[in-house]
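Have a look at the structure below before the remarks.
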Amino acid sequence: MKFRASELPLTPLSLKDTISIRTGDWKYVEPFYEEKLSPCISACPVGTDVTSCIALLAKEEFQEAAKLWKESNPFPGVCGRVCPRFCERECLRQHLGGSITIHLLERFIGDLNVDIQNKSQKTGKKMAVIGSGPAGLSCAYHLSRKGYKVTLFEKEKLLGGLLRAIPSYRLPPQIVDKEIEGILKQGIDIEINKESGKDFSLEELKQQFDAICIATGLKERKLNIRGTELFNVWSGREFLKLNNDIQNKKITVIGGGDTAIDAARVALRKGSEVFVFYRRRREDMPANPYEVEEAIEEGVNIKYLSEPLRIEKCSSFLRLFLKKKADENSEFFIDTDGVVMAVGEEREMLNNEIKDTFLCGDILTQKGTVSHAIGSGKETASLIHKYFFGEETSITLPAVVESEDLNLDYFKEEYPPEEKKRDMSQRIKDFDEIYQGLTREEVIIKEATRCFGCGKCSGCDNCYVFCPDAAIFKQDGKYIIDYDHCKGCGICMEECPRGVISMRRTEK
């Protein structure tokens, strides 16, 4: 039996080839490639491109990794040892084996001692930076790399500020020396033993320089209690700078921050019995949790919810009176040979009405960490450059990768290398560095290759392979989406391991 064409049922038949049919017109959403911000980068106070640096390490391109790291942070050796590790807290690897030990990779980069050249064009501007702590040094470093002639003023004989007060078992002084040397190689002049208000005034500097950056940090807070003026009652910084004999003494520390814990561990290493009193709970202590844990492990006694009332001189020792915070009538005392008052810091009052004067570091942010100070110095350098030339505009940061953006089916559960440290019975006898770094093999094999590379395309071809419409092709090493034939199914986004593909509504 024959049928006329008009008698046949409607069928999805096309006389054209599939390339000619714009199936992409059917969609209401479409994929697009979007490099996102890794959580580690977002959490870093300095804004270091952590994932790109780790990718270079994984390829054994150590020199390039070090140079890229130092583009933002001239202190990788320092931060790799003392940073509170904000990046690791946000690392998405923690959901599959444990966070990348970024601080160990940063330390490895710092210990390579790679210097980067300053190839900037000179701006003709002269800058004075007052204070050579991590903020002042960072600001001077970035200004010099932008083409400014920078002079750094420091009231002490050594540059480094509070970096010099960090005990050597945490931060060996030769690491500080080496990284400061690398900063000065950028073409920075220094004036040591020069104190603002004593050896020069801001007004005098203003006559010599186009602008001034003040990075003098915070002053230590004092408790308004009786007896703080007595002999052997020190501030935290005073105690950490002491060279006198406190061997086999009984030392009491007031406070719960990093300085308090540092003071306690220093006293312990000098053979003293140490007690720390803190006015809040352990979980409220601002000190790094792992530092607190190590102090307790080493033998430091920490008492919580206790605050000092007064200090009295009793024969050859001091008597410190305290109370339990929850009970006004619970006064008690402890006999001690010395008291360290490490109760925090506060900002000095400054007359900042002088034109062309900028602030950076703790004096501005009061964040209190080395990494925040370095980041503040970098940011202030950018603000100064924008002030003079208006060339640096605000940049809209990309979205931060979330754990649900990743496809963890493409990653194995792998664990970080164990951080090696000296035996506790030995380390409390001297001030040698506690932790050891990673070997080259551990960096390449065990750690750098564990990084997800969140938000950065690795060229894995998943989007290209899984697209059911062959609407993705490669050109010059990049993936191109053929929107004329992409139906917006979203399979490419689902199969992207690193969250580089997102979906958006079409304009139709």
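The values are calculated or read from the model by the stated rules, or taken from the named source; none is laboratory data. Computed from a predicted structure; not experimentally measured. Neighbour counts are summed over all protein chains in view; Cβ atoms, including those assigned to glycine, are modelled from backbone coordinates with ideal geometry.
Worth a mention:
- Count - residues of segment 31-41 that are surrounded by fewer than 20 Cβ atoms within 10 Å (Cβ to Cβ) and either in contact with a strand residue (DSSP E or B) (Cβ under 7 Å, 6 or more places away or on another chain) or free of Cβ contacts under 8 Å to residues at least 40 places away in the same chain (or both): 4
- The number of residues in segment 407-422 being surrounded by 15 or more Cβ atoms within 10 Å (Cβ to Cβ) and under 30 Å from R170 (Cβ atoms) comes to 3.
- Out of L162, L158, sole residue that is in a loop (DSSP other than H, G, I, E, B) and under 27 Å from the mean Cα position of the chain (by Cα): L158
- Spans of strands (runs of 3 or more DSSP E) in segment 417-508 with at least 2 residues touching a residue at least 60 places away in the same chain (Cβ under 8 Å): 478-481, 501-505
- Taking segment 258-331 as the region of interest, the strands (runs of 3 or more DSSP E) fully inside it that hold 3 or more residues being of a type outside the set (S, T, N, Q) are 273-277, 306-314, 317-324.
- Counted residues, segment 170-194 - those being in a helix (DSSP H, G or I), crowded, with 16+ Cβ neighbours inside 10 Å and either free of Cβ contacts under 8 Å to residues at least 24 places away in the same chain or over 20 Å from the mean Cα position of the chain (by Cα) (or both): 1
- Matching residues, segment 202-257, being hydroxyl-bearing (S, T, Y) and either in a loop (DSSP other than H, G, I, E, B) or surrounded by fewer than 16 Cβ atoms within 10 Å (Cβ to Cβ) (or both): T216, T228
- Residues considered: I384, I428. Of these, the only one that is over 19 Å from E291 (Cβ atoms) and surrounded by 15 or more Cβ atoms within 10 Å (Cβ to Cβ) is I384.
- Residue tally, condition of a type in the set (S, T, Y) and assigned to a helix (DSSP H, G or I), over segment 379-416: 5
- Within segment 323-339, residues that are in contact (Cβ under 8 Å) with a residue 12 or more places away in the chain reach partners that are among the hydrophobic types (A, V, I, L, M, F, W, C) and part of a loop (DSSP other than H, G, I, E, B) with beta carbons closer than 7 Å, at six or more positions or on different chains, in the pairs K324/L305; K325/L305; A326/L305; G338/I246.
- One residue from I480, I444, I501, I472 being surrounded by fewer than 17 Cβ atoms within 10 Å (Cβ to Cβ), β-branched (V, I, T) and in contact with an Asp or Glu (Cβ under 8 Å, 6 or more places away or on another chain): I444
- Restricting attention to segment 151-197, the residues being closer than 26 Å to G124 by Cα and among the aliphatic types (A, V, I, L, M) number 8.
- Of the set (1) in contact (Cβ under 8 Å) with a residue 60 or more places away in the chain; (2) touching a strand residue (DSSP E or B) at 6+ places or on another chain (Cβ under 8 Å); (3) under 20 Å from T216 (Cβ atoms), all apply to R81 but (3).
- Restricting segment 93-115 to residues that are outside any helix (DSSP H, G or I), of a type in the set (A, V, I, L, M) and touching a residue at least 60 places away in the same chain (Cβ under 8 Å) leaves a set whose member that is nearest to L152 (Cα to Cα) is I100.
- Boolean, D356 is of a type outside the set (A, V, I, L, M), over 21 Å from the mean Cα position of the chain (by Cα) and surrounded by 13 or more Cβ atoms within 10 Å (Cβ to Cβ): yes
- Test result for L143, surrounded by fewer than 24 Cβ atoms within 10 Å (Cβ to Cβ) and not in a loop (DSSP other than H, G, I, E, B): no
- Pairs meeting the criteria (first residue in segment 222-244 and basic (K, R), second residue in a loop (DSSP other than H, G, I, E, B), beta carbons under 8 Å, at least 6 apart or on different chains) are K222/T228; K222/V343.
- Restricted to segment 29-78, and to residues there that are among the β-branched types (V, I, T) and not in a helix (DSSP H, G or I), the residue that is nearest to the chain's Cα centre (by Cα) is V46.
- Pairs with Cβ under 7 Å, 6+ apart, first in segment 46-67 and in the same structural domain as R107 (by TED's automatic domain parsing), second small (G, A, S) and not in a helix (DSSP H, G or I): V50/S38; T51/S38; T51/G453; A55/G453
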